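Enquirer: One structure is given below, represented as structure tokens, and several questions about it will come after.
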Amino acid sequence: MKRRDALKIMATGAVGALVGRPANAEREVTSARLDVDVLVCGGGPAGIATALMAARVGRKTLLVERYGRLGGMAVQAMVGPLMGNVRSAVVDEILQHIGGRRVDYEFIDLKYAELLQKAGCQILLHAWIAEPLLDGKRVIGARLLTKQGMMDVKARVTVDATGDGDVAFGAGAEFDQGRGAGPNWAADGLLQPMTIMFRVSGVNHAETMEAQRGRKAFRFPGGRTWNQLCKDANARGELPPTVGMVRTYTSRRDDERVINATQVNRVDGTKVADLTQAELEGRRQVQPIVEFLRKNAPGFQNAYVSGMPAVIGVRETRRIRGVESLSVEDLFAGRKWPRAVVRGASFPIDIHNPDGIGQAQGVSVEHPLGRDPSVKPYDIPYGCLVPRSVNGLLVAGRCISGSHEAMASYRVQVIALATGVAAGVAAAEAARKDIEPRDVEVGKIQSVVFKEA
């Protein structure tokens, strides 16, 4: 089939369905193109919340996702439970709709889709962002790679919720990546490690640490903690060289646990060769970890792997430089910003060691694998969502503007939802007034995102 014919089919089929026409409607087209008010790139929590808010106020909104399911890392990489806290009535509503923080991996994507479709948002799965569409330094949409060829989506406002800042990067936005100098490390540019999370079944809940005071409080004979036992096993070679901590999270079923333990260091999620290496290495680490659990974790004697993720979990890549930025000092101080669009954000400075086992900070005799510093509930200002050097674009999720240490707190999914809520309100307002996102009155955003919070 010729490419021109394929594009005709796409325009009369998939695109026709998106804009409300019957899939078999006959019409002449010269190219595959769709025009919307707000284009949201990325179907994780940040993108979902963005699209929900833009669609609710009547803006013609399209959410595009490269995989076949919505939900981001919670679905694709089995990252759960959903962590972090914010003061947001909309985030509370979303969490209630999807069934809470303990993720139902099989159906959470449909719960998200229900919210979006009820709001009138159009969804396009299996659509990769090939590149942004540009008019000078202004983003005017994106070119999608689909099974039917390329599709151009023109938008008044585009929101990059890809996690990696792919759209912003393609548009030439300034960004930071990796860690600079810190109290416990030199400036080496390393990124947080990647992890394959997985599910095990066959667990005897009544015997587990979670059923007996909890994993952190549980003590083995001789007074050893679970973390000390894990570190000792790593030193003996019983666990893979980069695995020094095995985290077991409760699931929706007592006989299941979600395991966060595999760790692939010195890899970059923006490089396809590194992603390939990480997928293979991370999955190879699963078997020895399960053997370790069967041997050492109470209640895991008959445990077996019952679920593996579609992709590896990536914690950190690009941080797009915004007109404002968050520092770790802001988080420690619980800084309040007049231009805040997220309030009450809270999660520890969770930096998985990119050059060894355990956490990057807080190593002591009492905490041999490190301890994450706590923060005070902090604000996120609107400028963190506005790229410094590109127009027509907002960012949401873990790629907003901040330091390596600050990102380690705001990267989690509940806080990502809140940045998406703010981005959606701002994008809708910019599209309605036909102005740049950077020119939106912050008070307009605040009047919506903080309503009944």
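Please treat every number below as a calculation from the coordinates, not as lab data. Predicted model only: the values in this text are computed from it and were never measured. Every residue, glycine among them, receives a Cβ derived from its backbone with ideal geometry; neighbour counts consider all protein chains shown.
Enquirer: Across bins of 5 angstrom width beginning at 0, how are the C-alpha pair distances of the range 189-284 distributed, in whole percent?
Expert: The distribution over the range 189-284 is 2, 12, 18, 19, 19, 14, 9, 5, 2, 0, given as percents.
Enquirer: Still on this structure, I have one more. Which order results if ASP35, ASP109 are arranged by neighbouring Cβ count within 10 Å, fewest first?
Expert: Ascending number of Cβ neighbours within 10 Å: ASP35, ASP109.
Enquirer: Let me ask something additional. Among MET73, MET53, MET83, what is the fewest-to-most ranking by other Cβ atoms within 10 Å?
Expert: Starting with the residue having the fewest Cβ neighbours, the order is MET83, MET73, MET53.
Enquirer: Using packing as a proxy for protection, rank 227-238, 405-416, 316-327 so that the peptide with the highest average count of other Cβ atoms within 10 Å comes first. Walk me through the intermediate numbers first.
Expert: Working: 227-238: 16.6, 405-416: 25.6, 316-327: 22.1.
Taking the mean over residues of other Cβ atoms within 10 Å, the ranking is 405-416, 316-327, 227-238.
Enquirer: Rank the residues CYS384, CYS121, CYS399 as a footprinting-exposure proxy: fewest other Cβ atoms within 10 Å of their Cβ go first.
Expert: Exposure proxy ranking, most exposed first: CYS121, CYS384, CYS399.
Enquirer: The chain: Rg/Rh from Cα coordinates, Kirkwood Rh?
Expert: Answer for the chain: 0.99.
Enquirer: Please state the relative contact order of the range 198-307 as a whole percent: Cα pairs under 8 Å, 6+ residues apart? Please report the intermediate quantities before stating the final value.
Expert: On the way: 157 pairs, mean separation 41.2, N = 110.
Dividing the mean separation by the residue count of the range 198-307 yields 37 percent.
Enquirer: How large is the helix-only mean residue ellipticity at 222 nm for the chain, computed as the sum of -39500 (n - 2.57) over DSSP H runs with n ≥ 4, divided by its residue count, in deg cm²/dmol to the nearest 500?
Expert: When only DSSP H runs of four or more count, the value is -8500 deg cm²/dmol.
Enquirer: Distance between Cα centroids, the range 369-394 to the range 164-189: provide it in whole Å.
Expert: Each part's Cα centre sits 13 Å from the other's.
Enquirer: Taking all pairs of distinct Cα atoms, average 1/r, flip it, and tell me the Kirkwood hydrodynamic radius of the range 91-236 in Å to one decimal place.
Expert: It works out to 20.9 Å.
Enquirer: Applying 1/(1 + (r/R0)^6) with R0 = 45 Å to the Cβ-Cβ distance of GLN287 and LYS147, what FRET efficiency is obtained, to the nearest 0.05?
Expert: 0.80
Enquirer: Can you give me the angle between helix 45-56 and the longest principal axis of the chain, using Cα atoms only, in degrees from 0 to 90, rounded to the nearest 10?
Expert: Tilt relative to the chain: about 30 degrees.
Enquirer: With both bridge residues required to lie in the range 59-148, what share of the DSSP beta bridges run antiparallel, to the nearest 5%?
Expert: 70
Enquirer: What Kirkwood hydrodynamic radius, in Å, does the range 282-334 give when the mean of 1/r is taken over all pairs of distinct Cα atoms and then inverted?
Expert: Mean inverse Cα-Cα distance, inverted, gives 15.3 Å.
Enquirer: Another one. Between SER389 and LYS118, how many nm apart are label points set 7 Å from Cα along the C-beta direction?
Expert: 4.3
Enquirer: What number in nm² do you get for the range 169-234 if you take the convex hull of its Cα atoms and divide its surface by four?
Expert: 8.9
Enquirer: Please report, in Å, the Rg and the Dmax of the range 108-177, where both are computed over Cα atoms only.
Expert: Computed over the Cα atoms of the range 108-177, radius of gyration and Dmax are 13.7, 39 Å.
Enquirer: Among the listed pairs LYS60/LYS137; LYS118/LYS451; LYS231/LYS376; LYS216/LYS295, which are separated by more than 26 Å between their Cα atoms?
Expert: LYS231/LYS376
Enquirer: Once you have the Kirkwood Rh of the range 299-430 from its Cα pairs, apply Stokes-Einstein at 4 °C and 1.567 mPa s and quote D in µm²/s.
Expert: 80
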